[in-house]
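> Here it is: the structure, laid out below.
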Amino acid sequence: MTQSFFPPQRTLMGPGPSDVSPRVLASLARPTIGHLDPLFVSLMDEIKGLLQYAFQTSNELTLPISAPGSAGMEACFVNLLSCGDTAIVCQNGVFGGRMRENVERCGATAVMVEDDWGAPVDPHKVAEALKNHPEASVLAFVHAETSTGTRSDAETLCKLAREHGVLVIMDTVTSLGGIELKVDAWGADAVYSGSQKCLSCVPGISPVTFSPRAVERIQARAHKVQSWFLDMQLVMGYWGGDSKRAYHHTAPVNALYALHETLVILQEEGLDNAISRHQRNHKALVAGLEAMGLSMAVEEAWRLPQLNSVCIPDGVDDARVRGRLLRDFDLEIGAGLGALAGKTWRIGLMGHASRQRNVILCLNALETALKAEGYALDSGAAVEAASDYYQSLTGS
Ligand SMILES: *Cc1c(COP(=O)(O)O)cnc(C)c1O
């Protein structure tokens, strides 16, 4: 007979999912109620308010899509684009490439603005593209490129889009809850995220928010959105304002308990505190990695504190090191992707996983694994450098 599945207790320091807190895991085990139960409807309202806080927006159309981040991405593209439209798509990693796929599958044209993997999106190139393509109706970019660990200047990119009267689709899957993100102040129009990165919820939910400009565009569509499930006009009837909720699909009831709990935890900590915690642990990790003689793959100004790309030294076997971390330390870190495969490791410090204990664990484990590879390092220097950094903060 097939046995029950009991996963090991891992520490998740890859590109997501991140460690889910015991509080959130416990919320999943609460009794399932009907998705149209009046109590569940009020939970939905609270989730909406909490998401507005996380996104820093007052957008009415703010809700969690019942599917992973990729579905949030698709929802933004299929609702804002129609056949024959043009979108400017910035690519500096894996996820910009997926945006292009989405644009083309909508029957629209993608004008690509490409930058090196590990570099931010260049606003000058975007300005050029906007000037050269007055037919474009959308600018799409990734705020935090998880494949490389690079932040782009979302505020400037949104400003350029405003100046040219195009709507912004912004990927915030990895940025939400980890770095500054101000949907309203920046003027982003269709923004999607994921539950399993800096929110540290279980995977499978995608928070999205649409500006009034985006809603207007959706309502003015000449043709129905080709995706029934992701058609925001229909989803609005389920999640929408004061009107009676109409059945659209069965919400993942327990997963939404978990999202609610996650967002309550974020509110308790405070968004600004969560952001500075990510920054603090990132600084400590980098101090440790550099003390080991390793170098970061991304320039300091554009590094993501929640996703640290570090160069794999010559002579060190990528897969063997990651395998050892998992086997001996129950520690997961990420491999490089695409152009960076085999060249970098991606060490996540996302959400609940962004804590001092994990920084120290990772540095210790990595030191052991690198020594086994014959890599020369100064034993104990990494943990000492990180600890010194933490000490310097408390001044004790
Ligand atoms: C993880 C990720 C996605 C996809 O999210 P899924 O939940 O895996 O579908 C999209 N964009 C970025 C930047 C991501 O990091």
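> Where the centre of each part is set by its Cα atoms, how far does the stretch 375-396 sit from the stretch 55-76, in angstrom?
Rounded to whole Å, the Cα centres lie 40 Å apart.
> Further question: Compare GLY93, GLY69, GLY334 in a GNM of the chain, Cα atoms joined below 10 Å, and give the one with the largest fluctuation.
Greatest mean-square fluctuation among the candidates belongs to GLY334.
> Which of rounded, prolate or oblate describes the stretch 271-394 when judged by the alpha-carbon gyration tensor and an a/c cut-off of 1.5?
Prolate.
> For the chain, give the magnitude of the charge dipole about the Cα centre (Cβ charges: +1 Lys/Arg, -1 Asp/Glu; no others), in debye to the nearest 20.
Using only the charged Cβ atoms, the result is roughly 740 debye.
> Hey, if you put +1 on the Cβ of every Lys and Arg and -1 on every Asp and Glu Cβ in the chain, which of ALA365, GLY16, VAL138 ends up farthest toward the positive end of that dipole?
GLY16
> Kindly write out, for the stretch 256-263 in residue order, the coupling ³J(HN,Hα) from the Karplus curve 6.51 cos²θ - 1.76 cosθ + 1.60 (θ = phi - 60°), rounded to whole Hz, with x marking Gly and Pro.
With coefficients 6.51, -1.76 and 1.60, one gets 6, 4, 5, 5, 4, 4, 4, 6 Hz.
> Compute the Cα gyration tensor for the chain, then decide on rounded, prolate or oblate, letting a ≥ b ≥ c be the square roots of its eigenvalues: rounded whenever a/c is under 1.5, prolate when a/b is larger than b/c in the other cases, and oblate in all that remain.
oblate
> In whole Hz, what ³J(HN,Hα) sequence does the stretch 245-254 give by Karplus (6.51, -1.76, 1.60; θ = phi - 60°), x for Gly and Pro?
These are the phi-based 3J(HN,Hα) values: 6, 9, 4, 10, 8, 7, 4, x, 3, 5 Hz.
> Given points 7 Å out from each Cα along the Cα-Cβ axis, report the ALA29 to SER276 separation in nanometres with one decimal.
Between ALA29 and SER276, the simple spin-label model gives 3.5 nm.
> Suppose R0 equals 35 Å; then what is the FRET efficiency for ALA341 and GLN219 from their Cβ-Cβ distance, rounded to the nearest 0.05?
Step by step, r from the Cβ atoms, then E = 0.25.
> Ignoring chymotrypsin sites (Phe, Trp or Tyr not before Pro) that are buried or in helix or strand per DSSP, and keeping those with at most 15 other beta carbon atoms within 10 Å, what is the longest stretch of the chain between them?
6-227
> Using only Cα atoms, tell me the angle between helix 318-329 and the longest principal axis of the chain; keep it within 0 to 90° and round to the nearest 10.
The helix 318-329 is inclined about 80 degrees to the chain.
> I would also like to ask the following. Nearest 5 is fine: what % of DSSP beta bridges in the stretch 137-291 come out antiparallel, could you say?
40 percent
> The stretch 191-261: which trypsin sites (Lys or Arg not before Pro) are DSSP loop and have at most 12 other beta-carbon atoms within 10 angstrom?
LYS224, LYS244
> Specify the inter-centroid distance of the stretch 139-176 and the stretch 88-119, based on alpha-carbon positions, in whole Å.
12 Å
Taken together, the values in this text are just the output of simple stated rules run on the coordinates, not laboratory data. Every value quoted in this text rests on a predicted model; they were computed, and no experiment measured them. Ideal geometry is used to build each Cβ from the backbone, glycine not excepted, and the neighbour counts take in all protein chains shown.
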